Amino acid sequence: MASSSSNRVYIPTNARNNQYILAEFKPSDEFVSSFDNIDSCYERIARKLFLACEENGLYNVHMIANDKLPITRFHEESYCLQTEKQMLFFYNPKYHEAHKSYWQQGVRAKKVRLLFLATGDELRANAANFHNKVQKTLHDLKVNLGVEDAFKIRDHQHLTYDLFARVKGHKETYGYKLRSLYPRYEARKCEIPVEHTEMTYVTFNIPVTRSLKTQFQHLLEDEHYTQFYSFIEDKFFSACGYKQISQAAFIADGRLPLVRNSKIDKSAQNSELQKLSFDICSEETQYKAHWDKNQLVDTLHFVVVAKASDNKDVGYGKFMNNVESMVRGLSQTLELSAQRQALNVRFFQHISYNA
C-alpha cells in the first residue's frame with residue numbers, strides 16, 4: 001500500500017484542467033500564389049477551417065497568421081490580448097466558444113497557427129477524444145484546401161492547483177497517477193505516431209510582494225539586485241538537489257519561460273519570452289538561471305522538468321510528490337503565508353509530432 005501511495009499524487013478536487021492543441025504549417029509559395037493576394041488566402045483557410053470545426057464539434061478555435069505565439073490562460077471572462085510577440089487567450093472551458101482569425105492585412109506570416117481550445121467538462125477524461133476531433137479536422141482541412149504541407153501538432157495539457165488549498169479549508173483531494181500521454185491515448189484509441197516527442201514539467205510562480213521585500217530588505221539595499229536573486233537561485237537549486245531533481249530553471253528578468261526539448265529547439269530569447277531547452281534523456285544536472293540584476297521583477301518564475309527516467313510505468317506521481325515536497329520546503333524558506341497567498345502549481349504534459 002505504501003508503494004502504491006507513493007506513485008499517486010493527491011491533488012485538490014478544485015484543480016483546473018486545461019487542454020489545447022496547436023497545429024502549425026508553412027503554406028508553400030505555390031499554394032499562396034494560387035490566390036489573388038495573401039488576404040484572400042487567409043480568408044479561404046479560415047473559412048474551410050471553421051466549417052470543418054463545426055462538422056467535427058470543435059467550438060473554440062482560432063487561426064493565427066501574425067507570427068505571434070499563442071498563450072492560453074484560465075479566466076471567468078473571455079478575451080484576447082496582443083503584445084508584440086504573444087497572443088494571450090483567456091477563457092473558461094465550461095462556457096466560452098469562439099471561431100476567430102487574426103492576421104495583419106496584406107502581410108504574409110512565416111507560418112499559420114491553428115489553436116484548438118478544449119471545451120466542456122471533464123477535459124482530462126475526454127482528452128483523447130478531443131485530440132481525435134482535431135486530427136479529423138486537420139485531415140479534412142488539408143483535403144478541402146489541397147494543402148500538401150505537413151502540420152506540426154503540439155498537444156498541451158495541464159493541471160493547475162493551489163498547493164496551499166488544504167490550509168485554506170479545501171481538504172478534498174483526488175489521487176492521480178499522472179500517466180504519460182502516449183499510453184493514455186493508445187488505450188483510448190487515439191493514434192499518435194511512433195515518431196513523437198513528449199515533455200513533462202511543472203511551473204510555479206512567486207510574486208514579489210511587499211512582505212517578501214520587507215523580509216529580504218537586507219538583500220535589496222544595494223544599487224542592484226544581485227544578492228536577492230542569487231539567494232533565491234541558491235535556495236531553489238539546493239532544494240531541487242535535495243529531492244534529486246536535476247533539471248530546473250529560475251527566471252527573473254521579466255520574460256515568460258517556455259520549456260522545450262533540446263532535440264527540437266535550442267535555448268533562445270526575445271524581448272518577452274525565454275525559451276528553455278532541456279535534454280530529458282540525460283541524467284546530468286541541468287540548472288538554468290536568467291535574471292536581471294538591474295530589474296526587480298513583479299514575479300519570480302520557476303520550472304522543474306521531468307527526465308525520461310521519471311516516467312515510471314504507473315506515471316509521474318512519484319516525480320510530482322518530490323516536486324511538491326521541494327516547493328513546500330522553498331515556501332517555508334521564503335516564509336510564504338499559506339493562509340494569505342496562493343501558490344499555484346501547474347503540471348504540464350506535452351506531446352508533439354508531424355502529420
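A few points about this structure:
- On the stretch given as region 260-291, residues that are assigned to a strand (DSSP E or B) and either farther than 24 Å from I232 by Cβ or polar (S, T, N, Q) (or both) total 5.
- Criterion violated by L138 - all others in (1) under 22 Å from F74 (Cα atoms); (2) touching a strand residue (DSSP E or B) at 6+ places or on another chain (Cβ under 8 Å); (3) at pLDDT 95 or above satisfied: (1)
- Residue within region 132-154 that is open to solvent by less than 30 Å² (accessible area, probe 1.4 Å), among the hydrophobic types (A, V, I, L, M, F, W, C), under 30 Å from Q339 (Cβ atoms) and touching a residue at least 40 places away in the same chain (Cβ under 8 Å) present: no
- Residues of region 45-64 classified as surrounded by 15 or more Cβ atoms within 10 Å (Cβ to Cβ) and either basic (K, R) or closer than 16 Å to V112 by Cα (or both), total: 9
- Of residues in region 155-179 being over 14 Å from F348 (Cα atoms) and acidic (D, E), the one most open to solvent (accessible area, probe 1.4 Å): E172
For every residue, the table says whether it meets (1) at pLDDT below 95; (2) under 20 Å from L88 (Cα atoms); (3) aromatic (F, W, Y); (4) within 18 Å of the chain's Cα centre (by Cα).
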| residue | (1), (2), (3), (4) |
| --- | --- |
| F236 | no, no, yes, no |
| A239 | no, no, no, no |
| R260 | yes, yes, no, yes |
| S271 | yes, yes, no, no |
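- Scanning region 87-128 for residues that are surrounded by fewer than 16 Cβ atoms within 10 Å (Cβ to Cβ) and either more than 28 Å from N14 (Cβ to Cβ) or among the polar types (S, T, N, Q) (or both) turns up N92, K100, Q104, Q105, G106, V107, K110, K111.
- Answer from Y182, Y225, Y201 - the residue that is aromatic (F, W, Y), within 21 Å of F347 (Cα to Cα) and open to solvent by 20 Å² or more (accessible area, probe 1.4 Å): Y182
- Scope region 311-355; condition charged (D, E, K, R), under 22 Å from N261 (Cβ atoms) and assigned to a loop (DSSP other than H, G, I, E, B); matching residues: D313
The values are calculated or read from the model by the stated rules, or taken from the named source; none is laboratory data. None of these values were measured; they are calculated from a predicted model. With ideal geometry, Cβ positions are generated from the backbone for all residues, glycine too; neighbour counts draw on all protein chains shown. Side chains included, ligands, DNA and RNA excluded: accessible areas come from the protein's heavy atoms. Shrake-Rupley method; radii C 1.70, N 1.55, O 1.52, S 1.80 Å.
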